Amino acid sequence: MEHEDPRNSESPHRSSKKPKFSSNYIPESEIRDEFSHHQPRVARINNGSFGSCPGSVLAAQRRWQLQFLRQPDAFYFNTLRNGITASRMIIKDLINADHVDEVSLVDNATTAAAIVLQQIGHSFAEGKFKKSDTVLMLHCAYQAVKKSIQAYVTRAGGSVVEVRLPFPVNSEEEIISEFKKSITEGKSNGRKIRLAIIDHITSMPSVVIPVKELVRVCREEGIDQVFVDAAHAIGSLKVDVKEIGADFYVSNLHKWFFCPPSVAFLHCKKSNASSDVHHPVVSHEYGNGLPIESSWIGTRDYSSQLVIPAVLEFVNWFEGGIEGIMERNHEQVVKMGKMLAESWGTNLGSPPEMCTVMIMVGLPSRLCLNSEEDASRLRSYLRDCHEVEVPIFYQVPKDGEDGVRANDGCITGYVRISHQVYNTLDDYEKLRDAINQIVEDGKTCKMLCIE
C-alpha cells in the first residue's frame, strides 16, 4: 500500500503561521496565550496528573481531526500510517532507541502495562512459568499497574513480591538496599522472578528511582524481564533507553511533553520476549508487530499520536528546547518546595537531586492529617474554597516509629507540587497562604467544611 508522506507542506501539524517573537524564544505573554484555555484564577500545580497542552498543539490536533472527518478513507489509506510513523521517529530519536520498530504509540502507561503483563500472564497460564514464580514491583506502584498484575498474573497463578520503599528518602542507596532484600525474598524456595516492574518516577509519593542501577541488579540476579513504568519521565528528565537497558519502557507523552490526552510510547527492546507482545485490543493488524497493531485498533481518534511533530515545534520555541524546559522546571519546583517548607516549618520528602519537576513538601502537623479521608477532604477544600489544585499524600506511620518531626510535631501529610512552563510564583503563594490560614484558624482536616 502506498502512503502519502504527511511531512509535506500540507501536513496538518504545521502552524498556520510562523510565530513572530521579538526575541529568538517565546516570551511570557505568548506562554500565557498558549495556555489561556486553562480555568482562570486556579492555582494549577498538579500538572503531574493530567498534563497540559498548549493552544498551538490543540489547533494542530483539530486540523488532523478535520482531515479525517473530511475524507476518512483517504485519511486511512494515504495518511494515517505514515503520520504515526513520523511521530514514532521523533520519539525514537528523543529516547535514543536503536530502531523505530522498537517504538509503539499507545493510549497511556496503563495500556502499556496491560501489554507487558498480558504476555507474562499467558506464560503462567500456558505452563511456561511455574505457579510459584513471581513478579517484583514497588509497593508504591501505580494502582492501575497493581490491578493489571491482579488481572493477568495472580489470576493465572503467579505471585507478587512488593519492595517496601522508604519515605521520606535520603539517598538512592536506601532504595537499592530495599530492592535487593526483596529480590532475595522473591527467589526464596527455588522461585524465579519472571518480571520486575520499576517506576522511574513514583507517582505518590513522587521520588526519582535509580532505574539504571536497579536494572543492572536485575540482570545480575537473573531476573527474566524488566519493565520500567516511567509515566512521568519524558519531558521531566532525560530518557536514554539504551543506557537504562530495560526490556520494556513506557512514558506518557501527555503529562510532561505537551501532547493532548492521551498518548504514550512503549519501547520494547528487540528480543524473543518483545516479539510475543500484543495490543490487548485485537484488530486486523494482529500479528504484524506491536507498532503496527497499535497504529490501528479500530475506528477512533488518532490525532493525539499525530501531533507529536507539532509538540516538537512548540518545545523548540523555548531556550534549550525540551532540555531547557526540564532544567528550568526542576529549578523552580525545588525553589517553590523550599519556600513552602520554610513557611510551614516542615521538610522536603527527598533531596532535590531525587526529584525532577515534582517535589513532596511536608504539611504542618497541626492539620492533623491522619487518614486517606483527611487527605481527600483537604484536597477538595483547597480546590473548592481556595482554587488550588494539588494532590495530598497521607504518610502512614510505621509501627513503633513516630515518623519525621517538624517544628510542631510529626509530619503525616505531604503535598506533591508540580512546575510547568505556565506556572507562576502566585500559584505557590496561593497554596502557602491557604494552608497557613487553615492553621491560623485552628482548624484540622476533619473540621474543614466544603460549601
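The values are calculated or read from the model by the stated rules, or taken from the named source; none is laboratory data. Keep in mind that this is a model prediction, so the values were computed, not measured. Cβ: placed from backbone, ideal geometry, glycine included. Neighbour counts: every protein chain shown. In case anyone asks, the SASA skips ligands and DNA or RNA and just uses the protein heavy atoms, side chains included. Shrake-Rupley method; radii C 1.70, N 1.55, O 1.52, S 1.80 Å.
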Just the number, please: carbon plus sulfur as a percent of the accessible area of the chain, 1.4 Å probe, no ligands or DNA/RNA counted. 47
Using each residue's phi in the range 216-222, evaluate 6.51 cos²θ - 1.76 cosθ + 1.60 at θ = phi - 60° and report the 3J(HN,Hα) Karplus result to the nearest Hz, with x for Gly and Pro. 4, 4, 4, 5, 5, 8, x
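Using a cut-off of 13 Å between beta-carbons, work out the net charge of the residues near C368 (Lys and Arg +1, Asp and Glu -1, C368 not included).
+1
By per-residue mean of other Cβ atoms within 10 Å, what is the highest-first order of 139-145, 288-294, 254-260? List each step's numbers first, then the result.
Details: 139-145: 18.1, 288-294: 19.7, 254-260: 25.7.
Ranked by mean Cβ neighbours within 10 Å, highest first: 254-260, 288-294, 139-145.
If you take every residue apart from A141 with its C-beta less than 9 Å away from the C-beta of A141, what net charge results, scoring Lys and Arg +1 and Asp and Glu -1?
Values: positive: K146; negative: E162, D199, D229.
Overall, the nearby charge balance is -2.
Under the rule of -39500 (n - 2.57) per DSSP H run of 4 or more residues, summed and divided by the residues of the chain, what mean residue ellipticity at 222 nm is obtained, to the nearest 500 deg cm²/dmol? Mind dumping the intermediate values first?
Working: 15 runs with 171 residues, N = 451.
The helix-only estimate for the chain comes to -11500 deg cm²/dmol at 222 nm.
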Semi-axes a, b, c in Å (a largest) for the chain, each sqrt of 5 times a Cα gyration tensor eigenvalue, come to 36, 32, 18
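Would you mind checking the pairs K192/K398; K92/K269; K212/K238 and listing those with alpha carbons more than 19 angstrom apart?
Over 19 Å Cα-Cα: K192/K398.
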Distant-in-sequence amide H partners of V228 (H built 1.01 Å from N, under 5 Å): I198, F248, Y249, V250
Under 5 Å between amide hydrogens, which residues at least 5 positions from Y302 or on another chain qualify, with H placed 1.01 Å from N in the peptide plane? none
Here the range 58-67 yields Karplus 3J(HN,Hα) values (6.51, -1.76, 1.60; θ = phi - 60°; whole Hz; Gly and Pro given as x) of 4, 5, 5, 4, 4, 5, 4, 4, 5, 4
If the chain between S159 and R300 were fully extended at 0.36 nm per residue, the gain over the current Cα-Cα distance would be 47.2 nm
Around I201, under 12 Å between beta carbons, what's the net of Lys plus Arg minus Asp minus Glu among the other residues? 0
Quote the FRET efficiency, to the nearest 0.05, computed for R32 versus S271 with a Förster distance R0 of 41 Å and r equal to the Cβ-Cβ distance. 0.30
Rounded FRET efficiency, nearest 0.05, which uses the C-beta distance separating K335 from L69 and R0 of 51 Å: 0.65
Relative contact order for the chain using alpha-carbon pairs under 8 Å, separation at least 6, rounded to a whole percent? 19
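Sort the following peptides by mean Cβ neighbour count (other Cβ atoms within 10 Å, averaged over residues), highest first: 97-103, 82-88. Don't jump to the answer; show the numbers that get you there.
Numbers: 97-103: 18.0, 82-88: 22.3.
Top of the packing list down: 82-88, 97-103.
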Principal axes first, then extents: for the Cα atoms of the range 50-174, list largest minus smallest coordinate on each axis, whole Å, largest first. 54, 43, 28
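Using 0.36 nm per residue, how much length does the chain from K192 to Y76 gain when fully extended, once their Cα-Cα distance is taken away?
Numbers: separation 116, 0.36 × 116 = 41.76 nm, distance 4.49 nm.
Taking K192 through Y76 to full extension adds about 37.3 nm, to one decimal.
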Would you grab the residues whose amide H sits under 5 Å from the one on V263? Only those 5+ places off in sequence or on another chain, please, with H modelled 1.01 Å from N. L253, H254
If you plug each phi of the range 122-139 into the Karplus form 6.51 cos²θ - 1.76 cosθ + 1.60 with θ = phi - 60°, what whole-Hz ³J(HN,Hα) values come out, in order, with x for Gly and Pro? 4, 5, 5, 5, 8, x, 6, 10, 6, 4, 7, 5, 10, 10, 9, 8, 6, 5
